[in-house]
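Encoded as structure tokens, the structure appears first; notes follow it.
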Amino acid sequence: MKLFGEKCNRCGVRTRNKADDAPVCERCATEMELAVAAGSEDVRSCPVDGADMKKEIAHIVVIDRCCECGGVWLDAGELRLIREDVEDMALRSLTSSFTLPPV
Ligand SMILES: [Zn+2]
Ligand SMILES: [Zn+2]
């Protein structure tokens, strides 16, 4: 068993998580599940111009983005999830700069 696991197929981060025998980090596995789930959701119309909104995955939540004006729609609770995820990433980059000082 490798100490640091293998590189995630999708983002290249070290992981021991696997999906279909390929190394995929938990974050990417979650995002891929979300993408599948998003595909079965109804397409929303933009509240501004009525154009169809496209599903996107951002910070482990599914958002609806308008193709016309670029407006973004969040479901209830998604803003909080995004904020927590951003804080988590910021924290991780902080701690990794402590453990891996520039040579
Ligand atoms: Zn990944
Ligand atoms: Zn729009």
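The values are calculated or read from the model by the stated rules, or taken from the named source; none is laboratory data. Since this is a predicted model, take the numbers as computed values, not measurements. Glycine also receives a Cβ, built like all others from the backbone with ideal geometry; neighbour counts cover every protein chain displayed.
Could you figure out which of (1) more than 18 Å from Gly71 (Cα to Cα); (2) in the same structural domain as Met89 (by TED's automatic domain parsing) isn't true of Ala35?
That leaves (2) as the condition not met.
Please go through the range 6-34 and give me each residue that is at pLDDT 90 or above and small (Gly, Ala, Ser), ordered by number.
Listed by number, the residues that qualify are Gly12, Ala22, Ala29.
Criterion first (over 28 Å from Ser96 (Cα atoms), more than 16 Å from ligand 2 (Cβ to nearest atom) and in the same structural domain as Ser96 (by TED's automatic domain parsing)) does Gly70 satisfy it? Give the derivation first.
Working: over 28 Å from Ser96 (Cα atoms): yes; more than 16 Å from ligand 2 (Cβ to nearest atom): no; in the same structural domain as Ser96 (by TED's automatic domain parsing): yes.
For Gly70, the condition - over 28 Å from Ser96 (Cα atoms), more than 16 Å from ligand 2 (Cβ to nearest atom) and in the same structural domain as Ser96 (by TED's automatic domain parsing) - is not met.
Out of curiosity, is Gly70 surrounded by fewer than 14 Cβ atoms within 10 Å (Cβ to Cβ), part of a loop (DSSP other than H, G, I, E, B) and within 12 Å of ligand 1 (Cβ to nearest atom)?
no
Being in contact (Cβ under 8 Å) with a residue 24 or more places away in the chain and either surrounded by fewer than 13 Cβ atoms within 10 Å (Cβ to Cβ) or not in a loop (DSSP other than H, G, I, E, B) (or both), is that true of even one residue in the range 1-10?
Residues of the range 1-10 that are in contact (Cβ under 8 Å) with a residue 24 or more places away in the chain, as a first pass: none.
Among the residues of the range 1-10, not one is in contact (Cβ under 8 Å) with a residue 24 or more places away in the chain and either surrounded by fewer than 13 Cβ atoms within 10 Å (Cβ to Cβ) or not in a loop (DSSP other than H, G, I, E, B) (or both), which makes the answer no.
Taking the condition without any contact (Cβ under 8 Å) to a residue 12 or more places away in the chain and surrounded by 12 or more Cβ atoms within 10 Å (Cβ to Cβ), does Glu87 pass? Don't jump to the end; show me each part of the working.
Working: without any contact (Cβ under 8 Å) to a residue 12 or more places away in the chain: yes; surrounded by 12 or more Cβ atoms within 10 Å (Cβ to Cβ): no.
No: the conditions fail for Glu87.
When the residues of the range 44-62 are narrowed to those that are of a type in the set (D, E, K, R) and in a loop (DSSP other than H, G, I, E, B), which ends up nearest to ligand 1 (Cβ to nearest atom)?
Arg44
Could you list, in sequence order, the residues of the range 1-34 that are over 21 Å from Asp85 (Cα atoms) and of a type in the set (Asp, Glu)?
Glu6, Asp20, Asp21
Looking at the structure I just gave you, is Lys54 more than 16 Å from ligand 2 (Cβ to nearest atom), in contact with an Asp or Glu (Cβ under 9 Å, 6 or more places away or on another chain) and either in contact (Cβ under 8 Å) with a residue 24 or more places away in the chain or not aromatic (Phe, Trp, Tyr) (or both)?
In short, no.
Pairs, please: C-beta under 9 Å, at least 6 apart or cross-chain, first residue more than 17 Å from Gly12 (Cβ to Cβ) and in the range 26-48, second among the aromatic types (Phe, Trp, Tyr)?
Correct list of pairs: Arg44/Trp73; Cys46/Trp73; Pro47/Trp73.
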